[in-house]
Amino acid sequence: MPPKMAMFLLVFHLVGLPIFAADPDPVQDYCIPNPKFGTGRTNRFSVSVLPCKNSSEVTTDDFVFSGMKNFTANFSETGLAALSVNPTLFPGLNTLGMSFTRAELRVGGINPPHFHPRATEIAYLVRGSVYSGFVDSANRVFARVIEAGEVMVYPRGLVHFQMNVGDKPATIFGSFNSQNAGVQKIPATIFGSGINSELLEKAFGLSPRQIGQMRRKLDPKTTR
C-alpha cells in the first residue's frame, strides 16, 4: 500500500472513531454542573456544555439519586408510568455518557413502539412478565416474553416496545449509553407532529376521517 494511502487510512480511522460514540468522551473524572450558571450553553454539536463546580465543592450527595424510591406512578392512557433520569434530575450523571429510567406497566399496559436516536438501551425486568422486543432495519422482529430477573437489549435507533402480559404490575429499569438518549414514540411522531394529512392518507391507506381521529387522539391541540 502506498505510504500516503496508509497515512490517510490511519488518520481517517483515528479521526472517525469519535463520530460513532453516543456521547463525547469525558476529559475529567466528573463534572457536577454548577447551579450558579443555570442550564448551560449548547455547542455546535448540540451537546450541552455545563460549567462544573469546583472539585472542592463536590460532595458524595452529588453522586446519589434518591428519586427512584419516592417515585409516584402517574399512568398514561396506555398504562405506562415512567421516570427518566438524566443530568437535569441527577447532576452526577453529567459528562458520564449514561442515563436511566424506571417504568411501571399496569396489567395489559404497553410502552408503545418508540426508539432512542442517541443510545442503546438495556432493560432489566424487576418484576412481572413482559412481551418485549425490537424491529431491525430488515423489518425482522426479535421479541419474546421476558420474566423478572431477565435483561433485554435494544440496539441504538431501532424501534422497540413492551407490553405487560402478566396478571400483576410490571417494573422495568432501563439504562442508556447516553446522558441524553432522546425518545420518539411512533404513534405521536406520525400522527401528532403535523405531517401533511394527504401524505398520511396515502402512506397508511386511511381516510381523511380516520386520519383526523388519529390526530385528535394523539394531539389534543389539533382541531382537524
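The values are calculated or read from the model by the stated rules, or taken from the named source; none is laboratory data. Small disclaimer: the values here were computed from a predicted structure and weren't measured. These accessible areas exclude ligands, DNA and RNA; they are computed on the full protein's heavy atoms, side chains included. Shrake-Rupley method; radii C 1.70, N 1.55, O 1.52, S 1.80 Å.
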Next on the checklist: So if each residue of separation counts as 0.36 nm, and I subtract the Cα-Cα distance between Asp62 and Val126, what length gain in nm does that give?
Outcome noted: 20.5 nm
Checklist outcome for this item: Note to self: Kirkwood Rh of the stretch 70-224, Cα pairs, one decimal, Å, is 16.8
Checklist entry - Ranked by accessible surface with a 1.4 Å probe, highest first, in what order do Arg102, Arg127, Arg140 come? => result Arg140, Arg127, Arg102
Checklist entry - Over all distinct alpha-carbon pairs, what is the Kirkwood Rh of the stretch 159-224 in angstrom? => result 14.5
Next on the checklist: Report the Cα-based extents of the stretch 99-146 along its three principal axes, largest first, to the nearest Å.
Outcome noted: 31, 25, 16
Item to check | Under 5 Å, built H, 5+ apart or other chain: amide partners of Ile32 | outcome: Lys53
Checklist entry - Got a sec? What order do Glu201, Glu121 fall in by accessible area at 1.4 Å, biggest, i.e. largest, first? => result Glu201, Glu121
